[in-house]
Amino acid sequence: MEHKETKELLKKYLSGKCSPAERQRIENWYAEQLIEREREASGYDREKVKETIWGDIGQRRSVTRRQNRWLYPASAVAAVLIGFFLYLFIQPNGSTEESAIAQTEISPVVPAGNKAILTTGGKQYVLDDIADGIVEQGDGFVITKEEGGILAFDAIGATASSSTAYNTIETPKGGIYRVTLPDGSKVWLNNASSISFPSSFDTDQRTVSIRGEVYFEVSHDARRPFRVHTAQQEIEVLGTQFNINAYEEEPFAKTTLVQGSVKVTGQSGTQVLKPGYEMISSTEGQDRVALADMRSVLAWKDGIFRFERVRLDVIMRQIARWYDIELVYEGRLPQDEFVGEMKRSEDIHKVLEILQEGQIDLTLKGRKLIVGHKK
């Protein structure tokens, strides 16, 4: 089958709209591709490839039947199998225009991992370069790097006379990290994010400052309110779970409440949020409270890109932070909106190929991604 014809049939297959003859045709194509690839590339595990493709087809078909919203023309979910097809069967032979993405790459671009820099007491530690164990200790505190990319701060025997070190943990583009604060609260840092806090909190309050995107699970302590400072908002809680998105390059800051209660002071006023709601503060000085799409808000923490009618420029900034690449825009951007989800562990070539199902043209040169409109 021709390349374009194959893609169209795959889309119909995923949406359950194939006729019996078309379904048989696509399944025959699948079998032929397995046989052909087994001859040409002994490095592929035939059974693994078969199970992966067939399992993905079954899963996507069931999702498509259950949730019609995944059937938007620009849906990333509906394109996952097509992207897999392009990557596995066509790209190694360089026979399609999408293969240009790989051909222009100079250095490897990989998904984010556990990377962060700790600054404490005038010293800096690159956490991904040091072994698990005690990183630093001082008067009334100890900092420990734990297995799995977790940094724990413990206030041990701290007194009013103990000296207080100030700490900043910063993830680069392409880095994520987990932190346990001195009061036991848990924090997840997304890419290009940071949190600053003392080694021992005060007796009457707990205050931290952040930038970027951070998820909190705050330990309850009615005597010591927990406060979070961002450039556009201040959040006060007693014990709860919430997400803050406060990247400087985004047009707004957003606090989303998962559980408990928070009081958010924005640009023009203060609101007490209920679970499932968020306060959005724009750089223009406006605030609004809205019902949140919780699955989309928390997708990053679960290792997923999830888009629900998301503009291309928003997606591009997420991808740039995750894969640590530079964006270069050429001309007017297409007005596509994307719907769907994919794992953040995906190879960047798969992600770009999926996005190219819309009117976007992408070229990856080293760590520079050139974004334009298809001609």
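Values quoted throughout were computed directly from the atomic coordinates according to the rules given, and no laboratory measurement underlies them. Predicted model only: the values in this text are computed from it and were never measured. Positions of Cβ are backbone-derived with ideal geometry, glycine not excepted, and every protein chain shown enters the neighbour counts.
Summary of values
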read-out: Computed over segment 140-287, Kirkwood Rh from alpha-carbon pairs, angstrom; value: 15.6 Å
read-out: Ranked K365, K17, criterion: other C-beta atoms within 10 Å, fewest first; value: K17, K365
read-out: Positive minus negative residues near V351 (Lys, Arg vs Asp, Glu; Cβ under 10 Å); value: 0
read-out: Set K186/K263; K350/K374; K17/K350; K11/K274 screened for pairs whose C-alpha atoms are more than 28 Å apart; value: K11/K274
read-out: Separation of alpha-carbon centers, segment 289-339 and segment 247-283, rounded to whole Å; value: 19 Å
read-out: Shape of segment 302-373, Cα gyration tensor, a/c cut at 1.5; value: oblate
read-out: Hits among lysines - C-alpha to C-alpha of K123 under 20 Å, sequence gap 8 or more where chains match; value: K115, K145
read-out: Cα gyration tensor shape of segment 225-317, rounded if a/c is under 1.5, else prolate or oblate by comparing a/b with b/c; value: oblate
read-out: Simple spin-label estimate for K274 and K12 in nanometres, 7 Å along Cα-Cβ; value: 4.7 nm
read-out: Inter-label distance for E5 and K368, nm, one decimal - labels placed 7 Å from Cα along Cα-to-Cβ; value: 4.0 nm
read-out: Net charge over other residues, Cβ less than 13 angstrom from the Cβ of T283 (K, R count +1; D, E count -1); value: -4
